[in-house]
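Step one of this worksheet: look at the structure below.
The values are calculated or read from the model by the stated rules, or taken from the named source; none is laboratory data. Just so we're clear, the structure is a prediction, and the values are computed from it rather than from any experiment. Cβ placement follows ideal geometry from the backbone for every residue including glycine, while neighbour counts extend to all protein chains displayed. We work out accessible area using only protein heavy atoms, side chains counted, and drop any ligands, DNA or RNA first. Shrake-Rupley method; radii C 1.70, N 1.55, O 1.52, S 1.80 Å.
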Amino acid sequence: MSLLTALRETVAGFKSLLTGMRITAREAAKPSITVQYPHDTLKMADRFRGHVKLVLDPVTGKSRCTSCNLCVRACPSDCLTVEGIKREGEKKKSVSEYTLDFTTCSLCGSCVEACPSDAIEYSKDYNVVSLDRAEFARMDLLKKLEAEAKVWAEKNPELAAAAAAAAAAQAAAATAKAPAAATTASAPGAGAAPVATTPAPTPAVAPVPAAGVTETRTT
Amino acid sequence: MNLLQIHQRPGVYLVVAAVLLAIGVYGLIRRRTLIGMLIAGELIFSAASLNFMAVNRFFAPDPAVGQIVVLFIMGLAAAEVAIALSVIIAVYRNYRSIHSNDLSELKG
Amino acid sequence: MSTFPFQDAILVAIFALVVGVTIGGALIAALSTRIIRGVSGLMLCCMGLGGLYYFLNSPFLALMEILIYVGAVCVTIVFGVMLSEPDEPAHEESRRHAVLWGGAALLVSLVILGGVAHLGLRGPWQEPAARVSDGSVQAIGLALLTTYSLPFELISIVLLVAILGALVIARSGRTKE
Amino acid sequence: MNFLQTEPIRILLYLVGICAFVGANAAYLVLAERKGAGRIQRRPGPNEAGFGGLLQPLADGIKLLAKQVMVPPGTDALLFRAAPLLVMAPPLMCLAMIPFSDSITARSLNVGLLFVFSFGSINVMALMLGGWASRNKFAIISSARVVSQNVAYEIPMLLVVITLLMVTGTMDLNEIIQQQGGGFWKWNLFKVWVNPLMPVTFVIFFICMLAETNRAPFDMAEAESELVAGAFTEYGGMGFGVFFMAEYANIVVGCSLATVLFLGGWQSPIGVLSGGLWGAGWFLLKLYALIFTVIWIRWTFPRTQFYSLLNLSWKILIPISLFTLLLTGAMMKLPVVYNHFF
């Protein structure tokens, strides 16, 4: 009978409407799942590939870059510029200028692949903004690293102090090397004199590098 | 005549009804579309209703009668509008116009 | 209810407003070339009429007037307006023609106005000696279902037939195509 | 005290009161709507302006006020400007009839129910005029929808109300409420001994109310995804704001009418604590429960199709409401007939 079926359909329809309302009521009772963007931000995944950045070496508090220019050669869009200088008392060159032309960079990651000393990695910086085109055309990664190093030093004062001490020891070794050039002492021997002047930090230096390196890898 | 008692005088209502009637007749003659004429017709209905109500209020022994007549007029007006509009829509469908001049020839 | 300052003056002002709305609405309804304004004028006129009915001791009819005329009749007319294109062309007829017809219409309506107004003002109206009922909603309802039950039923039949007829007429053109 | 009871002061108080009530409701229901939508979609909703977003309506209001009200060329300028006024007036007038408590009514009329419906019917004309005057395709489609939708849903609504009138025997809203006193089982909603289909009539009334106020799932009038903003596409600034506020004011009127007619108005559901300010409290509680149901429904269901919207009214609601009308009449006359014969 058509009247009965119509009635039955109406009742069934209402039942389904009530089911829908029950579902929305249940959802409304659950906590909200959205991220309130300017206040909270999501932690980027490890494999997120932002623009490249220089890695902060937690032992020295500086970059590991030796300005070997392999990244520059690997770059398909020719957007990296690296300059290095040879500092007194250091065996390798250290970087003095590292700029990225972010307007041409295609985030391909060839530079990261090419780097022999793990000195560059992808940053997790996903909201790169600027009011000035020049800031993107010449993105000074070294300056960013210095800013990062400052924050890092404030956060981990003992590590920073150790790194500074190590640097000072190296510098002292370099200056000590000059008058005692004839002796040509081996590296541990040369380091023995500074150890005496600053005895406290040196034992701390030894266990830290391993832990520090793993930390930078994971973040 | 006291101006403050003006709303209690039957003459005012009757004159307003006459004005409505006159406006309705003028519109009925002058409007050239069917819907315009329908609106003018409604004005004439309103004039009649107002007249009934005024007489009912001031001169009728049973004040329910005039109100009932006006209710009937409203019902008839609603029926009239329904019919008239369906006719207008049918006319528009056939002639693509509801201007009374376009409809003047009668074809069997 | 307590007293109201300038009670009478305010009442008369409201009355004048209501009369003005009624006549102004009627003028808009009859004179405007855009049909949608005509419908708005009819709406205004009906609201004014509702006010007049209220002054005539019948709030029930005042509300019925608004409910039926504004809520039903005007809306139905608007529906008709939407289904056709009724705006009047600006200058279709010649100027002489317009003056002639306009003058004739004005003359006829003025004569009607004069005659009806004269009848209304000078007619042999007499106050009734006594009122049978109070004209309340209850009295209307009782009268509708006793004395006037036959016309009441007839009106409902007329409405039913009108709705069916309207449906038939409006549908017939559609099925043909 | 004597000063407060003089008529002009009373009228002024209620005028300000109603305008403030409508304004505050319109403003904060928008916020409640957005917050409710947020909760249902598991997000917090607007939460920046003020504490937890409480100042959001103010910010919206300032934005709308600061915008220029533009009358686009080609529109019927007079009607275009008149429509927002016309759309806001009916709910304000209707609220004058609603009894908030046994002693808080702006104006008690013995035909109060009729008053609410007659002025509520102006709303359609206003929306229609706004849409038509805009001379915009979307607006005209929308106003055609508004008209046919409102005509279709006015009929079952009035049939339900007539059923209710037969039960109550009065059109005075305050008296209707007084008849429902003494506990929730005396509300018209649960008067199954008068008419076993009373809850069904309430559902019909509620559906019609949703359709009359153009709320989802019946928001054909401003179907954002198809018609831009429907009848108010061309309105900007406060013109749009007034239309927007009127929608919420109409919801308030519709829900308070449903409260008065079916849920006992200011009567307490437990039979005690029902006069004065308690009454106002109960009334507002029921009112806002209904309003939140309306919001809940909007964010649960998608928009219906237009023909199924009309089918629902003409093929389901009107027959059912006619049947309840007949049933109520029969059940009221049954004792009379019984007494006559036995």
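Legend: P(r) of the stretch B:1-58 from all alpha carbon pair distances, 10 Å bins from 0, whole percents, reading 26, 40, 23, 10, 1.
Evaluating 6.51 cos²θ - 1.76 cosθ + 1.60 at θ = phi - 60° for every residue in the stretch A:62-79, the Karplus couplings come out as 9, 7, 8, 5, 10, 6, 7, 6, 5, 5, 4, 6, 6, 5, x, 10, 6, 10 Hz, glycine and proline recorded as x. Per-residue SASA remark: residue D:67, around 100 Å² accessible (1.4 Å probe; ligands, DNA and RNA not included). Across all Cα atoms of the stretch C:7-88, the radius of gyration (one decimal) and Dmax (whole number) stand at 14.1, 48 Å. Students often get this wrong: which residues of the stretch A:58-89 have the backbone nitrogen under 17 Å from the point 7 angstrom along Cα-to-C-beta of residue A:114? Under 17 Å, as judged by backbone N against the label point of residue A:114, lie A:65-84 of the stretch A:58-89. Taking a spot 7 Å from the Cα of residue D:108 along the direction of its beta carbon, which residues of the stretch D:268-297 have an amide N less than 15 Å from it? Label zone hits: D:275-277, D:279-280.
Restricted to Cα atoms, the stretch A:38-155 shows a radius of gyration and a Dmax of 14.5, 46 angstrom.
With every protein chain in place and a 1.4 angstrom probe, the accessible-area ranking of A:130, D:225, D:256, largest first, reads D:225, A:130, D:256. If the limit is 32 Å between Cα atoms, which of D:35/D:191; D:186/D:333; A:43/D:63; A:53/A:91; A:30/D:286; A:92/A:143 go over it? Among D:35/D:191; D:186/D:333; A:43/D:63; A:53/A:91; A:30/D:286; A:92/A:143, the Cα-Cα distance tops 32 Å for D:35/D:191; A:43/D:63.
When the inverse distances between all different Cα atoms of the stretch C:134-177 are averaged and flipped, the Kirkwood radius reads 12.7 angstrom. Going 7 Å from the Cα of residue D:193 toward and past its Cβ, which residues in the stretch D:152-169 have a backbone nitrogen under 17 Å from where you end up? Answer for the stretch D:152-169: D:167-168. Measuring only protein heavy atoms, the 1.4 Å probe finds residue A:66 accessible over about 30 Å².
Here the spin labels are modelled as points 7 Å beyond Cα on the Cα-Cβ line, and at residue D:292 and residue C:8 they lie 5.6 nm apart.
Seen from a random direction on average, the alpha-carbon convex hull of the protein assembly as shown projects onto 58.6 square nanometres. With a Förster radius of 41 Å applied to the C-beta separation of residue A:36 and residue A:106, the computed FRET efficiency comes to 0.80. Near residue D:236, the amide H atoms lying under 5 Å from its own belong to D:70; only residues 5 or more places off or on other chains count, and H is placed 1.01 Å from N.
Remark: accessible area buried at the C-B interface is about 7200 Å², both chains counted, probe radius 1.4 Å. Residue-normalised convex hull volume from the C-alpha trace of the stretch D:230-288: 84 Å³ per residue.
Stretched out straight at 0.36 nm per residue, the stretch from residue D:54 to residue D:7 would grow longer than its current Cα-Cα span by 13.3 nm. Treating each Cα of the stretch B:9-103 as an identical point scatterer and summing with the Debye formula, the log10 of I(q)/I(0) at q = 0.11, 0.25 Å⁻¹ comes to -0.41, -1.19. With all protein chains in place and ligands, DNA and RNA left out, the 1.4 Å accessible area ranks A:133, D:42, A:47 as A:47, A:133, D:42, largest first.
With 0.36 nm allotted per residue and the present C-alpha distance subtracted, the residue A:151-residue A:168 stretch has 4.1 nm of extension available. The calculated FRET efficiency for the pair residue C:107 and residue B:6, based on their C-beta separation and a Förster distance of 35 Å, comes to about 0.75. At an R0 of 45 angstrom, the distance between the Cβ atoms of residue A:70 and residue D:63 translates into a FRET efficiency of 0.20.
Once the whole set of protein chains is in place, how much accessible area is left on residue D:187, using a 1.4 Å probe, in Å² to the nearest 10? It works out to around 30 Å². Amide H to amide H distances under 5 Å link residue A:120 with A:55, where only residues 5 or more positions off or on other chains count and H is placed in the peptide plane. As a length-normalised measure over Cα pairs under 8 Å and 6 or more apart, the relative contact order of chain C settles at 14 percent.
Legend: Rg and Dmax of chain D, from Cα coordinates, 21.0, 75 Å.
Straight-distance candidates among the aspartates and glutamates for linking to residue A:62, with alpha-carbon spacing under 14 Å and chain neighbours fewer than 8 residues away dropped: A:90, A:97, A:118, A:146, A:148.
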